[in-house]
Amino acid sequence: MPKTKTSKEEVLQRVIPILRERGIAKSSMSELAKACDIQKSHFYYYFSNKEQLIKEVLATVHSYFKYNLSKIIANKDLNISEKLEQVRKLIDKMFKNANSGCIMANTALETAHLNPIYKDEIQHFFADFISGLQILLAPNYSKEESLELAEQIVQDLEGGILLMRIYNDHKYINNAVSRMEKIILKTN
């Protein structure tokens with residue numbers, strides 16, 4: 001019998017890995033409720049429908065990533081190499097999770113042509129990712145170069161995540177992260 005006392009935050013934390021792995025279309029509210037060990041009706045206490053749940057999942061992931069990336073960048077006690085090590089750990093935690101990749105990109109690929117309701121949150125996530133990388137690039141590059149390189153790095157990382165999923169091999173994301181570090185440190 002499903003338990004009944006579960007906070008909204010607990011529900012979100014439990015559904016994120018499921019949605020990251022299975023996607024939106026293959027995740028019914030009934031399956032998500034079962035995975036959270038709650039009644040389906042409990043979902044509707046917090047979320048009026050599946051779309052609202054997905055929006056809140058994406059907002060939660062975005063907020064977590066933005067907060068942690070900003071915290072790393074703003075840490076004056078870390079040099080650039082130490083910041084990059086922390087960024088690598090954040091990328092590992094966010095994207096290497098059970099080879100399921102990036103929930104933002106997964107959701108964009110799955111829904112963009114059908115229903116663009118998640119587009120704004122996904123765009124803000126990637127804009128914040130690019131902006132954070134720009135800050136790390138700023139000491140070695142002009143503003144224009146920093147933007148172009150930050151966009152290139154995000155594209156490379158997302159491609160690495162996609163190939164990691166396709167081939168079930170972390171080397172693709174690891175190589176993209178290594179290229180990011182070389183570009184930021186301006187080494188060959």
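Could I have the simple spin-label model distance between Glu9 and Glu21, label points 7 Å from Cα toward Cβ, reported in nm to one decimal?
Reported label-point gap for Glu9 and Glu21 is 2.4 nm.
Find how much the distance from Ser41 to Lys96 grows on full extension, using 0.36 nm per residue of separation minus their present alpha carbon separation; answer in nm with one decimal.
Details: separation 55, 0.36 × 55 = 19.80 nm, distance 3.22 nm.
This chain segment gains 16.6 nm when fully extended.
List the extent of the Cα atoms of the range 1-64 along each of their three principal axes, largest first, rounded to whole Å.
Principal extents (Cα only, largest first): 32, 22, 19 Å.
Can you put Glu144, Glu121 in order of accessible area, largest first, using a 1.4 Å probe? Working shown, then result.
On the way: Glu144 130, Glu121 50 Å².
So, going from the largest accessible area down, we get Glu144, Glu121.
Please work out how much accessible surface His124 shows to a 1.4 Å probe, ignoring ligands, DNA and RNA, in Å² rounded to 10.
100 Å²
Using only the Cα atoms of the chain, construct the convex hull and provide its projected area averaged over every direction, in square nanometres to one decimal.
Numbers: hull surface 47.3 nm².
With every direction weighted equally, the projected area is 11.8 nm².
Relative to the Cα centre, what is the charge dipole magnitude of the range 18-162, using +1 at the beta carbon of each Lys and Arg, -1 at the beta carbon of each Asp and Glu, and rounding to the nearest 20 debye?
520 debye
Taking the 0 to 90 degree range and rounding to the nearest ten, how far is the long axis of helix 171-185 tilted relative to the main principal axis of the chain, both from C-alpha atoms?
40 degrees
So, in Å, what gap is there between the alpha-carbon centers of the range 40-92 and the range 121-188?
17 Å
Hey, what's the per residue convex hull volume over the C-alpha atoms of the range 41-94, in cubic angstrom? Can you show the working numbers first?
Numbers: hull volume 4.5 nm³, N = 54.
Measuring per residue, one finds 84 Å³ for the Cα hull of the range 41-94.
Considering only protein heavy atoms, what is the solvent-accessible area of Phe126 at a probe of 1.4 Å, reported in Å² to the nearest 10?
40 Å²
What FRET efficiency would be calculated for the residue pair Leu78, Ser178, taking the C-beta separation as r and a Förster radius of 22 Å, to the nearest 0.05? Before the final figure, lay out each step's value.
Details: r = 19 Å, r/R0 = 0.87.
Plugging the Cβ-Cβ distance into 1/(1 + (r/R0)^6) gives 0.70.
The values are calculated or read from the model by the stated rules, or taken from the named source; none is laboratory data. What you are looking at is a predicted structure, and each value in this text was computed from that prediction instead of being measured. Backbone-built Cβ (ideal geometry, glycine too); neighbour counts: all protein chains shown. Protein only, heavy atoms only, side chains kept; ligands, DNA and RNA dropped before computing areas. Shrake-Rupley method; radii C 1.70, N 1.55, O 1.52, S 1.80 Å.
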